[in-house]
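Taking it in order: structure first as structure tokens, then the write-up.
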Amino acid sequence: MGHAYRMVPLVRAYLAEGWQIIVAARHVPHVKGALAPFLEQDGHRLGVVQAPIFLHHPPRVPAQPRSLADIFERTGFADAQLCRPVVRAWRRLLAEVRPDVVLSDFAPSLNVASSGRYPRLVIGNGWTLPPEGDLPSFDGHVGDSVTHETCDRIVEALRVASDGHWQESTFSASLRGEANFVCTMPQLDPYNRHRAEGHYWPVEIPDPPAHRNDERHVMAIYMPGDHPALPLIEEIAQQVPWQILGYSGLVARSPVAGLTFSPVPLHLPSVLPCACIAVHHGGLGMANWCMLHQVPQVIFPTDMEKLLIGKGVQQARMGILAHAGVPSNTLLNIMRTIAQRPLPVPDKNGLMTGSDNETLNALLKVSAQFAMISGKEL
């Protein structure tokens, strides 16, 4: 859903500049729903098509991954026979569309298929857009021999899967393009200390109010409906004095005293300025929203990416990590404490842009430059 809603400001900005847009989406109904107003108004310049889908479903591996490459290998990216159909499908789609510019959001197969053929502008975050060169492991080390070997296997598989058209030498190159926009607060980038390039204000987050509302009375809950911590949160919801607004995705949950989950995602621009605390599973979008609005966060991570985001939030003193096994009275006392504690103003000095509009303008400028050279040898 985060990727789908990131498309909204992007599509709005590109349509306003006169671009014709084809969105290739993994979950077409989600994206069509998010872009419905634009499809109604500018359907002649905007289309949504099915993106090629990686059909391999790897067995669940209990061991904790050492790096992003480890996760990719488990997914099947170290097997050329599994990757080749997806890369070829992207090539067929690109040949049909013949784009002037490719804007990629965490789509390594698209990056490989378009390499050397079309200018690639990649938008993402610290997790999806690693720094150039050797991939750091999750413990922060560069040059880890096991990680290096895993990266080499993936690089070789992608070369074979691309029928020799992709000639890059590093795993990170499969997630990068000719221009790269890392759109996140630097504190939430797991590779921040290894990154030479700057960070950009997230395009999906408008500027927060100039003055913080100190009369906050809302507890915002944003978690998957099957999250193991939800029963704990529902128990606590019956004991707090705040208004509670929750969203649990497409998994329906029965209402409990004090808490009814919304059938649609929370409208964060109106909810967060009134929120005294937010409980979520560690999605980067929600973490960025809360950090920029100075909302304390309680994070119940569901995977390695969200654990790293939670650690970034905790290290920035903007919230805490938690788990489903914590006693409810302990968590309740912690939540009451952090909801009353003033948070530090987030450090924005590390950002290349100071607002969503500035980031969009930077994207549009690079896209226009790329369109001018499209069709020439890259």
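Put a dot 7 Å past the Cα of residue 256, heading toward its Cβ, do the same for residue 364, and the two dots end up 4.7 nm apart. Close amide H contacts of residue 183 (hydrogens built in the peptide plane, cut-off under 5 Å, sequence separation of 5 or more or a different chain): 124, 125, 200. Modelled spin labels at residue 141 and residue 42, positioned 7 Å past Cα toward Cβ, are 4.9 nm from each other.
Here the translational diffusion coefficient of the range 218-340 follows from Stokes-Einstein with Rh set to the Kirkwood radius across Cα pairs; for 4 °C and 1.567 mPa s it amounts to 92 µm²/s. Here residue 32 is the anchor, and the aspartates and glutamates within straight C-alpha reach of less than 19 Å, apart from those fewer than 8 places off in the same chain, are 40, 42, 105, 204. FRET efficiency for residue 17 and residue 132, Cβ-Cβ distance as r, R0 = 30 Å, nearest 0.05? Efficiency, rounded to the nearest 0.05: 0.55.
For residue 207, the amide hydrogen comes within under 5 Å of the amide hydrogens of 356, counting only partners 5 or more places away or on other chains and with H modelled in the peptide plane.
Ignoring aspartates and glutamates fewer than eight residues from residue 311 along the same chain, the ones with Cα atoms less than 16 angstrom from its Cα are 139, 189, 303. Scaled against 2.2 N^0.38 Å for its residue count N, the alpha carbon radius of gyration of the range 1-65 is 1.42.
Enumerate by residue number the trypsin sites (Lys or Arg not before Pro) in the range 1-40 meeting two conditions: DSSP loop (anything except H, G, I, E, B), and at most 15 other Cβ atoms within 10 Å of the site's Cβ. Here the trypsin sites (Lys or Arg not before Pro) that fit, given the DSSP loop and packing criteria, are 26. Determine the relative contact order of the chain: mean sequence separation of Cα pairs under 8 Å and six or more apart, normalised by residue count, in whole percent. Once divided by the residue count of the chain, the mean separation gives 15 percent.
For the options 42, 189, 207, a Gaussian network treatment of the chain with springs between C-alpha atoms closer than 10 Å singles out 42 as fluctuating the most. Taking every alpha-carbon pair under 8 Å whose residues sit at least 6 apart, the range 218-340 reaches a relative contact order of 24 percent.
Short-range pairs are left out: with C-alpha atoms under 8 Å and at least six residues apart, the relative contact order of the range 90-169 is 25 percent.
Close amide H partners of residue 49, meaning residues 5 or more places away or on another chain with modelled amide H under 5 Å apart, are 23, 24, 25. If you sort the three axes of the alpha carbon gyration tensor as a ≥ b ≥ c, you get a/c of 1.5 or more for the range 121-172 and a/b no higher than b/c, which makes it oblate. Remark: the range 265-281, residue by residue, has Karplus-estimated 3J(HN,Hα) of x, 4, 7, 4, x, 9, 7, 5, x, 9, 8, 9, 6, 10, 10, 8, 9 Hz, where x stands for each Gly or Pro and the curve is 6.51 cos²θ - 1.76 cosθ + 1.60 at θ = phi - 60°.
With the gyration tensor restricted to C-alpha atoms of the range 242-283, the semi-axes of the equivalent ellipsoid amount to 17, 13, 10 Å, longest first. Computed per residue of the chain from DSSP H runs no shorter than four, each worth -39500 (n - 2.57), the mean residue ellipticity at 222 nm is -11500 deg cm²/dmol. Stretching the chain fully between residue 95 and residue 333 yields a gain of 79.9 nm (0.36 nm per residue, less the alpha carbon separation).
Of all DSSP-defined beta bridges confined to the chain, some 5% are antiparallel rather than parallel. Sites listed here are GluC sites (Glu not before Pro) in the range 85-152 whose DSSP assignment is loop and whose Cβ has at most 16 other Cβ atoms within 10 Å: 132. For the pair the range 140-197 and the range 261-336, the centres of their Cα atoms are 29 angstrom apart.
The trypsin sites (Lys or Arg not before Pro) of the range 269-378 that DSSP puts in a loop, and whose beta carbon has at most 11 other beta carbons within 10 Å, are 376. Listed values for the range 51-56 are Karplus-derived 3J(HN,Hα) couplings in whole Hz (6.51 cos²θ - 1.76 cosθ + 1.60, θ = phi - 60°), namely 6, x, 10, 6, 8, 5, and x replaces Gly and Pro.
Just so you know, all these numbers are worked out from the coordinates, no wet-lab data involved. What you see is a predicted model; the values in this text were computed from it and never measured. Note that each Cβ is placed from the backbone with ideal geometry, even for glycine, and that neighbours are counted across all protein chains shown.
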